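Participant: This is the structure I want to talk about, given as structure tokens.
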Amino acid sequence: MWIEGLEIPVYIITIYFIILHPIPYALDYKQTIDYLYAQLPVFTRVGVSAYKADLTNTIELCRRLDYPQNKFKSVHIGGTNGKGSTSHMLAAMLQTAGYKTGLYTSPHLKDFRERIRVNGKMISEQTVIDFVARHQPDFEDIRPSFFEMTVALAFDVFAREKVDIAVIEVGLGGRLDSTNIITPLLSVITNIGWDHMNILGDTLQLIAAEKAGIIKTHIPVIIGEKQDEVADIFVLRAKQVDTEISFASDLFEVKGERLKVKGFDEYLELQIIPLTTHHPPLTTQLDLTGSYQLKNVKTVLAAVNELRSQGFAITDEHIKTALRKVKKLTGLHGRWEVLSKRPLIICDTGHNPDGIQEVLKNIEGVNYEQLHFVIGMVNDKDSGKVLAMLPKDAVYYFCKPDIPRGLEAESLKQQAESFGLRGEAYPSVKAALVAAQKKATANDLVFVGGSTFVVAEIV
């Protein structure tokens, strides 16, 4: 079952005590999480109905918490694709350089606490329990979304922990995202692609304008990829708020080749070439082997340069050490991750057209006899754009991620057939994966993806 699902017996008991007992009931961690899911709408579960298009609730929650967002330094990272990987890589570098580093990302894969880390470690269950116990009356008064509550918790933790700096990933969009109440040292926007068009707009320009909303007065901004369709929107926004803007793709060239260990990809061998300075090329390794990470590395390095200019002591050795151990330092999973080697099973959280395009590039770089594609999607995405991109010679295993937004497997199968994709529907992600494993030979490739929530059920 998807981690955000409710187990009915616990749910009933929890609500019974909350509603009928006038004396506060001490919840354990599982009951606390069930309470939050029951009380507060969760975008990842129900979709657009959970999205709050203003910052009122977040501002009020943080007012009652004594403005924790003003008590730590931060970097704000948004964009359509790559913002999670970029956030984790930057956090790894800051940790390695000796800074006490907070990291806020979303969604989580297995455990709610993955969203909030300090020096790579998830916050404790007791921290979540105590926060909810202290502020349950505020939740019931303000009626925040699940995301608004989670942002407030993260900011409260980082303030209490007295982190030196926190890396804050935007949840959705930018301008009206709950994280956008911070005043960071630096804003970062990785790129612009097609995603959440029902909320952010149905053109790249409209989506870019929403994401440009994190650009603030006198706060430098770095754009990861220079895309001709939207670059002017960021330049204009930076001019309006009188701040400096730079494009990471103008500052660095990053080349990479997969380094195989015992016949399998374990690292990307990187050559980092500065384009605007005489600094010699830097050679290192990255434990995230998806080729799309080359773009993200440029963005992270541009962010490091800016932080260095603001007094942060991050050396080349810190960078090299961190890149080699991003997963170990931060707990990042689901990015071109190898789950098994015979047959080769790989998963990736790429889920929109740009993300799937990068996944397909990586699949092309793998030697295999037959591709088995385990795929599930959510029902508020434009599945047609993704299905039109997928290879017709693969064997497909259609499934539904175990969340209310999950697209029914049979419906996905029928849509896929109109694009010439053939396969069977399965009752669950795990059932689909088991079927693929049984049919695959030792030299085949099994890929699992289409949605973050599909990956969450198998990592």
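The values are calculated or read from the model by the stated rules, or taken from the named source; none is laboratory data. Keep in mind that what you see is a predicted model, and the values were worked out from it rather than measured. All Cβ positions, glycine included, derive from the backbone under ideal geometry; neighbour counts span all protein chains shown. Ligands, DNA and RNA are excluded from the accessible area calculation, which covers all protein heavy atoms including side chains. Shrake-Rupley method; radii C 1.70, N 1.55, O 1.52, S 1.80 Å.
Participant: If only one of Asp202, Asp164, Asp141, Asp130 is surrounded by fewer than 23 Cβ atoms within 10 Å (Cβ to Cβ), modelled with pLDDT under 90 and out of contact with any helix residue (DSSP H, G or I) (no Cβ under 6 Å at 6 or more places or on another chain), which one is it? Steps first, please.
Facilitator: Working: Asp164 fails: modelled with pLDDT under 90; Asp141 fails: modelled with pLDDT under 90; Asp130 fails: modelled with pLDDT under 90.
Exactly one of Asp202, Asp164, Asp141, Asp130 is surrounded by fewer than 23 Cβ atoms within 10 Å (Cβ to Cβ), modelled with pLDDT under 90 and out of contact with any helix residue (DSSP H, G or I) (no Cβ under 6 Å at 6 or more places or on another chain), namely Asp202.
Participant: Let me confirm something: among Glu417, Glu408, which residue is farther than 19 Å from Val359 by Cα and over 27 Å from the mean Cα position of the chain (by Cα)? Spell out how you get there, then give the answer.
Facilitator: Details: Glu408 fails: over 27 Å from the mean Cα position of the chain (by Cα).
Checking each option against the conditions leaves just Glu417.
Participant: Here is a further query. Under the condition of being in contact with a Ser or Thr (Cβ under 6 Å, 6 or more places away or on another chain) and not basic (Lys, Arg), which residue from segment 50-67 is modelled with the highest pLDDT?
Facilitator: Let us first name the residues in segment 50-67 that are in contact with a Ser or Thr (Cβ under 6 Å, 6 or more places away or on another chain), namely 50, 52, 58.
Okay, now just the ones that are also not basic (Lys, Arg), so 50, 58.
Values: Ala50: 44, Thr58: 94.
By that ranking, first place goes to Thr58.
Participant: Further question on the same structure: Given the options Lys239, Lys211, Lys255, name the one that is among the basic types (Lys, Arg) and closer than 25 Å to Thr101 by Cβ. Break it down stepwise before answering.
Facilitator: Working: Lys239 fails: closer than 25 Å to Thr101 by Cβ; Lys255 fails: closer than 25 Å to Thr101 by Cβ.
Result of the check over Lys239, Lys211, Lys255: Lys211.
Participant: On the given criteria, is Asp138 over 16 Å from Pro184 (Cα atoms) and touching a residue at least 12 places away in the same chain (Cβ under 8 Å)?
Facilitator: It is true that Asp138 is over 16 Å from Pro184 (Cα atoms) and touching a residue at least 12 places away in the same chain (Cβ under 8 Å).
Participant: Tell me, please, whether a residue that is in a helix (DSSP H, G or I), under 18 Å from Asp34 (Cα atoms), among the charged types (D, E, K, R) and open to solvent by 20 Å² or more (accessible area, probe 1.4 Å) can be found in segment 107-117. Talk me through it step by step, then tell me what you get.
Facilitator: First, the residues of segment 107-117 that are in a helix (DSSP H, G or I): 112-115.
Adding the requirement that they be under 18 Å from Asp34 (Cα atoms) leaves 112-115.
Among the residues that remain, those that are also among the charged types (D, E, K, R) are: 113-115.
Okay, now just the ones that are also open to solvent by 20 Å² or more (accessible area, probe 1.4 Å), so 113-114.
Yes, segment 107-117 has at least one match.
Participant: Could you list, in sequence order, the residues of segment 318-369 that are among the polar types (S, T, N, Q) and farther than 24 Å from Lys400 by Cβ?
Facilitator: Thr321, Thr330, Asn362, Asn367
Participant: Would you check which residues across segment 430-458 are under 19 Å from Arg405 (Cβ atoms) and surrounded by fewer than 16 Cβ atoms within 10 Å (Cβ to Cβ) and list them?
Facilitator: The initial filter retains those residues of segment 430-458 that are under 19 Å from Arg405 (Cβ atoms), namely 430, 432, 448-458.
If the condition is that a residue be under 19 Å from Arg405 (Cβ atoms) and surrounded by fewer than 16 Cβ atoms within 10 Å (Cβ to Cβ), then Lys430 is the only one that fits.
Participant: Which one of the conditions (1) in a helix (DSSP H, G or I); (2) touching a residue at least 24 places away in the same chain (Cβ under 8 Å); (3) among the β-branched types (Val, Ile, Thr) does Val459 fail to meet, given that it meets all the rest?
Facilitator: Of the numbered conditions (1) in a helix (DSSP H, G or I); (2) touching a residue at least 24 places away in the same chain (Cβ under 8 Å); (3) among the β-branched types (Val, Ile, Thr), the odd one out for Val459 is (1).
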